[in-house]
1. State the number of residues belonging to the stretch 205-239 that are modelled with pLDDT of 70 or more, more than 25 Å from the chain's Cα centre (by Cα), over 20 Å from Gln357 (Cα atoms) and assigned to a helix (DSSP H, G or I).
2. Suppose we filter the stretch 51-85 for residues that are out of contact with any Asp or Glu (no Cβ under 6 Å at 6 or more places or on another chain) and under 18 Å from Val206 (Cβ atoms); how many remain?
3. Examine the stretch 240-257 for a residue that is at pLDDT 85 or above, at negative phi and open to solvent by less than 30 Å² (accessible area, probe 1.4 Å), and state whether such a residue exists.
4. Return yes when Asp277 is modelled with pLDDT under 85, acidic (Asp, Glu) and not in a loop (DSSP other than H, G, I, E, B) and no when it is not.
5. So which residues in the stretch 345-374 are β-branched (Val, Ile, Thr) and either without any contact (Cβ under 8 Å) to a residue 40 or more places away in the chain or surrounded by 24 or more Cβ atoms within 10 Å (Cβ to Cβ) (or both), if there are any at all?
6. For residues that are touching a residue at least 24 places away in the same chain (Cβ under 8 Å) and not in a loop (DSSP other than H, G, I, E, B), scanning just the stretch 635-649, find the one that is farthest from the chain's Cα centre (by Cα).
Amino acid sequence: ITVCTCRPAPQQLVQMGYFPCSPVHPMLAVSLDMLELVSTLFVLAAPNERAWATTITKYLKNHGHEFATGDALRCRFSSALSQYQVLMQLVDGEMGKIIDDAREKTTMTFRALDDEMPYANVQMLAGRIQIACDDISHPSTPPPQERPSTNLCDACPLCFGGDLDIVIPGVHLIVCLNANFQLKRNRDKDRRKEFVGLPGSLDPKVVSPRTIFLSEVQIQEWEERVEVLRPSKPKMGHKQKAGEVEETKGDLMGGGWPDKIELGMNLPNVTYDACRDSFVAADGDRIKALSTYFDSTGVMALLCHHDHPLVLANLKTAGEKQFYALALISALMESIPNHWRVGVLYDIGCQMHRTLQKWDLMPEYLHRLKFAVSIFHAYGHQWACQLWYHPQKAAMWGLSDGEGCERFWSDLRKLIPGLHVTGHHRRLFILDHQAEHILEMKHEGMGRWLCDWVCRADEQLGEALMAVGKHPHGLDVEGLLVQFNEQREFQTKSMMVQSQHAILVHLLKELGNLAVDDSVGGQALCEEWKERVKMAQDTILKTKALQLEDRASADCLANLKKDKWINLQLNIHVLHDQLITKLHARKFELANLEHAHASRAMDQKTKSHVEKAVKQHAPGIEATVHKYNAKRKEMLKEQGKNGVRRDAYVPPELVMEGLFNLDINQDIWENANMVDFEGGEIPLWLANKEVRDGIRVAQEVKSCQKLSRRASPM
């Protein structure tokens, strides 16, 4: 080609169907068709430009074409590919702006005129058309907070399209939130001798015009806001400092609060503390990305309940620090109508709710937010917490499971090895490009997805309604939900049995109000009872010593030791807590395997070792279940004897089938904790298994009906 200032080489090459590797004096041009082919391939498979260039180089060499240097093709091809991808996104972005401008100017929809339409109607329509034309000439765009942003509408038309004036009970939008610490990037070092040990320079700044990543400024603003409103706990000692290099997602709240239900909360503080402690323990055993060795430690994503990615955040800390989640939620709330209510599914949704309520981090949005825990992580929460925060226990969540992020991470698992050695800006660009491809695939199947989802809900609804009618308890759906509300109110209130001291006081009250003294016999008996209940109340670290005032009270306490029914209650309570602890430990040990979507060959040995170790715990769990059921049979024999009521509560029998799943609807969660009921009458939700099963079915009915109502306006 002949090159001059009027017709530069890149312009001529593009007109001929080739893309130059450089805007000035290009040494290589690549076919536009090949670039499109490679771009499509690299979103369906792991992007590997080196392997592609090596393959082409070897192929051309076999046909007599050889490059001056072995790496010449890769460098030039990579440059052409990256610039081509940026250019295509710029074109798409410009086309999107043109469409958005036209969308804003459109103020009415024209309908076909009926030949028999009255003249008056024609006149009225003509007047409306004139008004519309005037609006097009002088458009008045409504404030952004009155409608979803363009980016959100493009991301998920099912959530953000349609009629915005439709009144939706519960929440208008359901999203899920989670972080992934596998999509990290190594901290690079400058290889030049004079810069040994210093961080390397960043790669060329190539940013997607349609990026869904939050800027570093947005994240830093929330980091500073959280630090001001909720200062970090002081680090004391070398060991504590090493373990607290970065805040984990479990370290959201401080402990030591009084055991009561705070204003605006659903549960007593002791329940929230127990949930927090379980996740802190789990995170302590999980190897996360250390910021010392990685420049970017992972990605946090916020997706709608159709699994469409909405906003992403690049993580630079070793744990899920709280301000990342708050920044994502804030970015969403700023882009939706100011009257919309949003439901957030998060693996520690209960802790997030508690934090926002306590520290007032989001006063402008808190009244519009509802929180729940994702189903996959629900097993790690206390039973009382699940009654309030499990999505299957509230109709407003429909059939959402909160695991959209896990499916999103599964789609990105092929990128994990390559992103470790990719430049900072190139890594973000690749993730943006992959997210855009996933959205395109989701959009193509939206109609089919919605149809299948609604059909599934209708099918489940029919089966659930039939199941409600078959139960002999005589309660309809509303009556069953009343029973559930009574159960939730009873099992989530601040109860005295949460501490060792409270259990002793409760047992003493069964024999009357006892006075307290410092007698030696009383102290000895007290210490013996403390040992008996120590395993049952493992969540309490400190207990107050119980002192008896007189010898008669000590004798009454001694009689309690011989009470077989109370001993059986204590023993079965201990076995129940031991079983829950063992099952939790087993689930947490398997968490790494369930999240390891892309285990390398060198990791298979570790994976096999963990699986073998976990299987070794199964006989111990089976033995505990056997002991539990044996104690239950003894309790059944004691009913109606020695002053025990014939209808005294006995917990349900446990079976091994499905026990390891720790499903929300399993009998292992049913536990009355040795408390008395008013009037001595056991409520239906506890005494009648048919009612318990009916409650689950009634909740499924409401969830399916909720999903159908949400889908009908779309």
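1. 0
2. 11
3. Within the stretch 240-257 (the criterion being at pLDDT 85 or above, at negative phi and open to solvent by less than 30 Å² (accessible area, probe 1.4 Å)), the answer is no, since none of the residues qualifies.
4. For Asp277, the condition - modelled with pLDDT under 85, acidic (Asp, Glu) and not in a loop (DSSP other than H, G, I, E, B) - is met.
5. Passing the criteria: Ile348, Val373.
6. Here the residue is Glu638.
Every residue, every condition in (1) within 28 Å of the chain's Cα centre (by Cα); (2) at pLDDT 75 or above; (3) among the aromatic types (Phe, Trp, Tyr), yes or no:
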residue	(1), (2), (3)
Pro651	no, yes, no
Trp685	no, yes, yes
Ser708	yes, yes, no
Ala711	yes, no, no
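Okay, residues lined up against (1) on the phi < 0 side of the Ramachandran plot; (2) open to solvent by 30 Å² or more (accessible area, probe 1.4 Å); (3) small (Gly, Ala, Ser); (4) at pLDDT below 90:
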| site | (1), (2), (3), (4) |
| --- | --- |
| Lys393 | yes, no, no, no |
| Leu412 | yes, no, no, no |
| Pro472 | yes, yes, no, yes |
| Gly479 | yes, no, yes, no |
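The values are calculated or read from the model by the stated rules, or taken from the named source; none is laboratory data. Quick caveat: nothing in here was measured; it's all calculated off a predicted structure. Positions of Cβ are generated from backbone atoms using ideal geometry, with glycine treated the same way; all protein chains shown enter the neighbour counts. Heavy atoms of the whole protein, side chains included, go into the accessibility calculation; ligands, DNA and RNA do not. Shrake-Rupley method; radii C 1.70, N 1.55, O 1.52, S 1.80 Å.
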